[in-house]
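See structure below.
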Amino acid sequence: MNSTFDSAKEFRTARRINLSLTAGLERKALVWMAERAPHWVTSDGLTLLGFAAQLAAGVFYALARFDRRSLLLVNVCVVLNWLGDSLDGTLARVRRHERPRYGFYVDHMVDIFGAAALMAGLSLSGLLHWPVAGLLLVAFLLLSAESYLATYTLGRFQLSQGLFGPTEIRILLVVGDLAALRNPFATLFGHRVLLFDLGGAVATLIMLAMAIFIGARHTAELYRQEPLR
C-alpha cells in the first residue's frame, strides 16, 4: 500500500508539446468549453464518448460499401471523437482532477483500439484495400510506440509532429470523406486508383519516415545524456 502511494507521489507528468497549426485556437476553445461544462460531464465520460465515436466511425465506414452517404455519419463521429478525446484532459486540468498515469494509459489504449476499429471499417468499406489499411495501422502504431517511449525516457510528450497533430489528421480525414462521397477514385499517372489507397499509401510512408527519423534523433539524444564512462 505504501509503495503504491510513494510511486504515485514521485511520478512526474511529462511536458506536453503541441506546435500544430490549430494548437493555439484549439487550446483556447477547449478551456472555454471546460470552464462552462455542466457538473455531470466528466473526464471519464468524455473519454468514453471519444472511444464510442471512433468505434461508430469504423462501423459507418463499413456501411459505406452499401451507401456512401454513411460517410457523412463518419464525419459526425470524427467531430464527436475530437470533442471527447481532446476535452477530457482539459476538463480534468481545469477542475484540478488530474490523474496523470491513469489518464495517459487509458487515453492511449483507447487510441490504439480505436485506430484498429477505424482501419477495420475502412478495409471493409470498399474505399481502401485491406493491405493498405494494415500498413497504415502498423505505421501508426510504430509512431505511437516511439512517442510513448520518448514520453517515458525523455519526460516530454510530443502531441504534434511538425505542424500536424491529431486535430489536423481529423480535418484531413473529414476532407477525404467528403471527396470520396463525391468520387472515391483519383487519377495517378494516368491510372485510376482509390482516393483512400493513394492517401493511405502517402500517409504510411510519411509516418514510417517520421518514426525512423525521430527514433534516430531521440536515440542520439539519449546516448549523449547517458555516455559510456
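Scalar couplings 3J(HN,Hα) for the range 85-90, obtained by applying the Karplus form with A = 6.51, B = -1.76, C = 1.60 to θ = phi - 60°, are 6, 8, 7, 4, x, 4 Hz; x denotes Gly and Pro. Placing +1 on the Cβ of every Lys and Arg and -1 on the Cβ of every Asp and Glu, with no other charges, gives the range 165-229 a dipole of roughly 80 debye about its Cα centre.
So what is the relative contact order of the chain, in percent, for Cα pairs below 8 Å that sit 6 or more residues apart? Don't skip to the answer; put the middle values down first.
On the way: 248 pairs, mean separation 60.0, N = 229.
Once divided by the residue count of the chain, the mean separation gives 26 percent.
Quick check on the chain: helices-only [θ] at 222 nm, where DSSP H runs of length 4 and up contribute -39,500 (n - 2.57) each and the sum goes over total residues. Nearest 500, please. Walk me through the numbers before you get to the answer.
On the way: 8 runs with 167 residues, N = 229.
The per-residue figure over the chain is -25500 deg cm²/dmol.
Antiparallel versus total DSSP beta bridges in the chain: what percent is that, nearest 5? The partial results should precede the final answer.
Numbers: 5 of 8 bridges.
Looking only at bridges with both residues in the chain, the antiparallel portion is about 60 percent.
Given +1 at the Cβ of Lys and Arg, -1 at the Cβ of Asp and Glu and no other charges, the dipole of the chain around its Cα centre is 360 debye to the nearest 20.
Basic side chains Lys and Arg get +1 at the Cβ, acidic Asp and Glu get -1 at the Cβ, and with that the dipole of the range 65-129 about its Cα centre reaches some 120 debye. Close amide-amide hydrogen proximity is noted between PHE185 and LEU195, each under 5 Å apart and 5 or more residues distant or on a separate chain (H modeled in the peptide plane; Pro and chain starts excluded).
Proximity of backbone amide H atoms, modeled 1.01 Å from N, is registered between ARG99 and no other residue at under 5 Å, excluding neighbours fewer than 5 places apart on the same chain. Using label points projected 7 Å from each Cα along Cα→Cβ, tell me how many nm separate PHE113 and VAL202, to one decimal. Going from the PHE113 label point to the VAL202 one covers 3.3 nm. Across the range 118-129, coupling constants 3J(HN,Hα) worked out from phi with the 6.51/-1.76/1.60 Karplus curve, θ = phi - 60°, read 5, 5, 5, x, 5, 5, 8, 7, x, 9, 8, 5 Hz, and Gly and Pro carry x. The simple spin-label model puts a point 7 Å past each Cα toward its Cβ; for LEU188 and ASP67 those points are separated by 3.1 nm. Viscosity 0.890 mPa s, temperature 25 °C: what is the translational diffusion coefficient of the range 48-179 from Stokes-Einstein with a Kirkwood Rh over Cα pairs, rounded to a whole number of µm²/s? For the chosen part, D equals 157 µm²/s.
The numbers here are math on the coordinates, done by the rules we state, and not lab data. Please read all numbers here as calculations on a predicted model, not as lab measurements. All Cβ positions, even for glycine, are placed from backbone atoms using ideal geometry, and neighbour counts span all protein chains on display.
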